Amino acid sequence: MENKEERRRACEIPGVRYVFAFGAMLGLCAMYTLRNNINVAIIAMVNSTAVYNSSEENNTSEECSAWPPPTDAVNSTKSIDKDGEFIWSSEMQGIILGAFFYGYCISQIPGGRLAEIFSGKWVFGISTLITAFLSLLTPLATHYGVEYLIAIRALEGLAQGVTMPAIIYMVGQWSPDSEKGLINTLVHAGVNIGSLLAMLLAGYLCESDLFEGWPSAFYIPGFIGCSWFILWCLLVTDSPKTHPFITSKEQNYITSNQKKRLKAEVYHNKLKTRIFFFPTTCPQTVVGLIVAAIVDFIIRRRIASVGVVRKVCNSISGFGCALGLVGVCFARCDLVLNKLLFFFSVMVGGFCYSGHILSFLDMSPEFAGTLMGIGNTISSLTGFIAPLVVGVLTDGNNTLHQWRIVFGITSALLTFASIVFIFFSSSEKQDWVEENASEVISSEPKMQARERRKYSPLN
């Protein structure tokens, strides 16, 4: 009875596990700021007047002539009036923006294994530091030549590819079952916040005279990433077992909750336009946090099984987004209706944080990094495939008919993926995990063992 009371108190008082969650959220925020800043900065970097005049393709449809004419402000929170110094065609700009995903696809699975075997803390932290350093080098590389900029972007993708597998593995280490959804959603809120910050910050910096404009959009996020790395080293460890400031009550609350789940499961298992970005990103995060709290309550009270909850959340996310895009196909030139439909589509995406993302942890906390790496490798392929497909489908002509095809295909893919998840996903611990679980649980990662022997905040 006393043990249950201690657990209840540990649950009520936010502790070191939320220091980890907040630190990881800030890390993802820094990462996505570094990742997306070029989407806005490239507008200030390119001499759009020269590019426009040299292009013979200007096939924008007049079907929706009542809309405001497209400007570079679509990609930013404010109009960037300065004309850039680089004459890059639209095709070259596409290559620059897509180069990130060439590296991003490669390092997903290795990132998961490195986190599991070596250290999630250091895999995530060092990858952020490398990305920040590469961001600081971006202006210099750009002036040397576009090929150097493309190489920098590919290297940034290579560095960032390890982050999601590493962070999902750490969420598994730091989250008691009763708070897994909430902590995971808090951590992943950094994705939306960082993407939003990139739009706001880069637009402002490109308009400023700091570091002559657009270079500051790479320097400032780079400095932020380096500063975050220092705090990450000082405040976070790989697991509750190695943290020097965690109370014994909180540590017992986390680890006993996890052990309890592991034993129970072992027994039973023997048998992505940015013009709508601001108003949609914040509600998605809020919805995700609310849903996570409700889901954790449902699972804690055993109102529904974990598998059912995951499938319901993922279905709402997938089918909801698909439904919104189908609506866009028939909204024609109604600007307000299109905004509302995009708002709805992105907002319901908040359910996915309690859906398929947590299934990796449900199936195997020990190998969640590897599972996330496999899933993210496949999903990240769309980073450079989607622009190519859209280019082929629209063929340079932005007509309603062609964009209906694009959104229709996207909606069909979302529906198909959601159906596959319903019939084939599992939230039970897998049999193949049981064969390796004893080895994984009994052995600590090398860095954890080293920290246990002698803790140093900078190690």
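The values are calculated or read from the model by the stated rules, or taken from the named source; none is laboratory data. Computed from a predicted structure; not experimentally measured. Cβ: placed from backbone, ideal geometry, glycine included. Neighbour counts: every protein chain shown.
Count, please, the residues in the stretch 394-431 that happen to be at pLDDT below 75 and of a type outside the set (Ser, Thr, Tyr). Talk me through it step by step, then tell me what you get.
Just the residues of the stretch 394-431 that are at pLDDT below 75, to begin with: 394-398, 429-431.
In the following step, the residues that additionally are of a type outside the set (Ser, Thr, Tyr) were identified as 395-398, 429-431.
Residues flagged as at pLDDT below 75 and of a type outside the set (Ser, Thr, Tyr) within the stretch 394-431 amount to 7.
Do you know which of the residues in the stretch 228-246 that are among the β-branched types (Val, Ile, Thr) and part of a helix (DSSP H, G or I) is surrounded by the most Cβ atoms within 10 Å (Cβ to Cβ)? Give the steps one after another, and end with the answer.
Residues of the stretch 228-246 among the β-branched types (Val, Ile, Thr): 230, 236-237, 242, 246.
In the following step, the residues that additionally are part of a helix (DSSP H, G or I) were identified as 230, 242.
Details: 230: 13, 242: 20.
Residue satisfying both the conditions and the ranking: 242.
Out of curiosity, is residue 281 at negative phi, in a loop (DSSP other than H, G, I, E, B), within 27 Å of the chain's Cα centre (by Cα) and at pLDDT 50 or above? Quick ask: steps written out before the conclusion?
Details: at negative phi: yes; in a loop (DSSP other than H, G, I, E, B): no; within 27 Å of the chain's Cα centre (by Cα): yes; at pLDDT 50 or above: yes.
So residue 281 fails the test.
Here is a check on your reading of the model: is residue 369 modelled with pLDDT of 85 or more and either in a helix (DSSP H, G or I) or farther than 18 Å from residue 169 by Cα (or both)?
Details: modelled with pLDDT of 85 or more: no; either in a helix (DSSP H, G or I) or farther than 18 Å from residue 169 by Cα (or both): yes.
Spelling it out, it is not the case that residue 369 is modelled with pLDDT of 85 or more and either in a helix (DSSP H, G or I) or farther than 18 Å from residue 169 by Cα (or both).
Does residue 190 satisfy the condition of being among the small types (Gly, Ala, Ser), surrounded by 23 or more Cβ atoms within 10 Å (Cβ to Cβ) and over 19 Å from residue 105 (Cα atoms)?
yes
Looking at the stretch 312-358, which of the residues that are more than 16 Å from the chain's Cα centre (by Cα) and of a type in the set (Ser, Thr, Tyr) is modelled with the highest pLDDT?
My answer is 315.
Condition first: surrounded by 17 or more Cβ atoms within 10 Å (Cβ to Cβ), aliphatic (A, V, I, L, M) and over 21 Å from residue 130 (Cα atoms). Now tell me which residues in the stretch 202-227 satisfy that.
Once the filter is applied, which keeps residues that are surrounded by 17 or more Cβ atoms within 10 Å (Cβ to Cβ), aliphatic (A, V, I, L, M) and over 21 Å from residue 130 (Cα atoms), the stretch 202-227 yields only 205.
Among the candidates 211, 223, 218, single out the residue that is out of contact with any helix residue (DSSP H, G or I) (no Cβ under 6 Å at 6 or more places or on another chain) and of a type in the set (Phe, Trp, Tyr). Can you show your working first?
Values: 211 fails: out of contact with any helix residue (DSSP H, G or I) (no Cβ under 6 Å at 6 or more places or on another chain); 218 fails: out of contact with any helix residue (DSSP H, G or I) (no Cβ under 6 Å at 6 or more places or on another chain).
The unique qualifying residue is 223.
If residue 181 satisfies all but one of (1) at pLDDT below 95; (2) out of contact with any Asp or Glu (no Cβ under 8 Å at 6 or more places or on another chain); (3) crowded, with 20+ Cβ neighbours inside 10 Å, what's the number of the condition it fails?
(2)
When the residues of the stretch 133-166 are filtered to those that are among the small types (Gly, Ala, Ser) and more than 17 Å from the chain's Cα centre (by Cα), which remaining residue is surrounded by the fewest Cβ atoms within 10 Å (Cβ to Cβ)? Don't jump to the end; show me each part of the working.
Start the filter on the stretch 133-166 by keeping residues that are among the small types (Gly, Ala, Ser), which leaves 135, 141, 145, 151, 154, 157, 159, 161, 166.
Remaining after also requiring more than 17 Å from the chain's Cα centre (by Cα): 135, 141, 145, 151, 154.
On the way: 135: 27, 141: 19, 145: 10, 151: 15, 154: 19.
Restricting to residues being among the small types (Gly, Ala, Ser) and more than 17 Å from the chain's Cα centre (by Cα), the top hit is 145.
Output the residue which, of all residues in the stretch 1-55 that are over 27 Å from residue 187 (Cβ atoms) and not in a helix (DSSP H, G or I), is modelled with the highest pLDDT.
By that ranking, first place goes to 46.
Yes or no: the stretch 350-366 includes at least one residue that is of a type in the set (Phe, Trp, Tyr), touching a Ser or Thr at 6+ places or on another chain (Cβ under 6 Å) and surrounded by 22 or more Cβ atoms within 10 Å (Cβ to Cβ).
Step one: list which residues in the stretch 350-366 are of a type in the set (Phe, Trp, Tyr), which gives 351, 353, 360.
Checking which are touching a Ser or Thr at 6+ places or on another chain (Cβ under 6 Å) leaves us with 351, 353.
Narrowing the set further to residues that are surrounded by 22 or more Cβ atoms within 10 Å (Cβ to Cβ) leaves 351, 353.
For the stretch 350-366, residues of a type in the set (Phe, Trp, Tyr), touching a Ser or Thr at 6+ places or on another chain (Cβ under 6 Å) and surrounded by 22 or more Cβ atoms within 10 Å (Cβ to Cβ): present.
State the number of residues belonging to the stretch 305-339 that are assigned to a loop (DSSP other than H, G, I, E, B) and either out of contact with any helix residue (DSSP H, G or I) (no Cβ under 6 Å at 6 or more places or on another chain) or loosely packed, with under 14 Cβ neighbours inside 10 Å (or both). Please lay out each step first, then the result.
Step one: of the stretch 305-339, the residues assigned to a loop (DSSP other than H, G, I, E, B) are 305, 331-334.
From what's left, either out of contact with any helix residue (DSSP H, G or I) (no Cβ under 6 Å at 6 or more places or on another chain) or loosely packed, with under 14 Cβ neighbours inside 10 Å (or both): 305, 332-334.
Number satisfying all stated conditions: 4.
If residue 76 meets every condition in (1) over 30 Å from residue 353 (Cβ atoms); (2) modelled with pLDDT under 85; (3) crowded, with 23+ Cβ neighbours inside 10 Å apart from one, which number is that one?
So the condition that residue 76 fails would be (1).
Could you tell me whether residue 107 is in contact with an Asp or Glu (Cβ under 9 Å, 6 or more places away or on another chain) and under 29 Å from residue 392 (Cβ atoms)? Before you say what the answer is, go through the steps one by one.
Details: in contact with an Asp or Glu (Cβ under 9 Å, 6 or more places away or on another chain): no; under 29 Å from residue 392 (Cβ atoms): yes.
In short, no.
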